[in-house]
Structure formats: C-alpha cells, structure tokens
1. Given (1) exposed (fewer than 11 other Cβ atoms within 10 Å of the Cβ); (2) modelled with pLDDT of 60 or more; (3) not charged (D, E, K, R), where does THR23 come up short, assuming only one miss?
2. Go through region 172-188 and give me each residue that's over 13 Å from the mean Cα position of the chain (by Cα) and among the β-branched types (Val, Ile, Thr).
3. Given (1) out of contact with any Ser or Thr (no Cβ under 6 Å at 6 or more places or on another chain); (2) surrounded by 12 or more Cβ atoms within 10 Å (Cβ to Cβ); (3) among the hydroxyl-bearing types (Ser, Thr, Tyr), where does TYR145 come up short, assuming only one miss?
4. Suppose we filter ARG75, ARG126 for residues that are surrounded by fewer than 16 Cβ atoms within 10 Å (Cβ to Cβ), farther than 23 Å from PHE181 by Cα and without any contact (Cβ under 8 Å) to a residue 60 or more places away in the chain; which single one remains?
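The values are calculated or read from the model by the stated rules, or taken from the named source; none is laboratory data. The structure displayed is predicted, hence computed values, not measured ones. Every residue, glycine among them, receives a Cβ derived from its backbone with ideal geometry; neighbour counts consider all protein chains shown.
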Amino acid sequence: MSTSSNALQDVASVDDFLNAAATETLPLFEHLEFEFLLEYDVFAPSKRGRTRVHSPPDLFRGFLHCYYEDVYGTRPGTRELQNGLVWYYCGLDKPPSRDTVDRFLTDLEHVVDDVFDRLVKQAAARGLLDSTYSIDSTHVEAIQYNDAASWNYDPTAEEYYYGFGCTIVSTGAKIPIAVEFTQTKQADQETAMRVTRDALAVAKPIWMLGDSAYDTLDWHDHQLAARVVPVAPDNA
C-alpha cells in the first residue's frame, strides 16, 4: 500500500477515510485473506516475465468494494476505482486503468467458483458465520449484450429486468454461503435443495429460514435429518 503524502489527495479529511473504512468493506478485508489468488495460473506473470501493475489480491478488494456499492462492469468499476479513498483503502498504489480492470475480470471468470468456495471456508473457519441461515431468491441484472441472460419479471419489485435469477443462502451480516444462478428469479425445488445442501456442507446452523416458496417436504426433511430446524411460512 502506498504511504506517499499525496495518497489521500482526493479525500476531504482523515475522518472521512476512517468513517468509510469502519462502515464499508475494510472490516471484511481484515477478516479474510486474499493472497491465495496468486496461486492461480491465470494470475501468473506472462511468459515474457511481465509482472502485473496491480496485484490480484488488491484488485479483488477493489471489486468487492464495487459490488458492495452496486457498481458493476468494466467502465463503471474503473470510474469507481479512480476515487482516491477507494483505491487507497483497497491497497492499490494508484488507480487501475480500464485495460487492467478488463483483464482482471476476464481472468477471474475462469476461477471465480473456486475463489468463492475458498472465501466461504475462510469465513467459516474464522467464526464469521452465525447459527441462523436464510435462503431466498433474487435477481441479478446483466448488460444487454450478455447473450446468456434473458428478460424476466420480478413480481416483488413489479418490474421487468434483463439478467438472471439467483438463489442464495446467507448468514450474519449478509455473508453468502452458497449460491446458484438460474434463468429466472424463482428457483425450482431441485435448485433450492442443491443450494441448501451446499450451505449445510460448509457448517451446520441451528436454524434455516425461508419464505413460503421453501415450504416443501424435501427441504424440511433434509434439514431435520441434518439436525437443523427449518422455518418457513405455510404454503397452502
């Protein structure tokens, strides 16, 4: 991390920095370790020996911040990381270029599933998961040249969106434990069961909460067999 006197030139005051660090993603950075990203071949130096301007762990912190702020995509992410407060507390020595951002996202795509699994295991090992899990479905919007996405209707928001569905189990301060993307927001029972099994394989909670969509015999029976108490409103 840079220690130069102009590192915080875009920050109004030290108080602003400390307030943001206390309320945003910096506490998470202190609990999780990202150096394992250097183990992946996709982040190795090029065959010509060229090293990266920014280290993958620091860039990953930058993207965790962007996603926390609902900033997605290469251009928006690059703009967000131009902010002196942001790139400084993510550990970057200077703002990354758009080419750097694009290359990092392209490389990360190849290993993102394994990265997620390793971070979840870290969170479990360091006591960040509590005794109550929650399962729900949401939607994730996509850029319109993403051919894998489609137009869907979200009845909760009462609006159409272009993107994917996402079934997620989370705990504590919205820490994700297991995730599966689908074509539509509402997941079928098979998807719900797969995500539930994946979550219970990380660590066993006492309670698992879901809305009435999860009031199925398979969902209840699987958790009771695992000594977890399922809680969902009755679905007539």
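1. (2)
2. Selection gives THR182, THR184.
3. (2)
4. Checking each option against the conditions leaves just ARG75.
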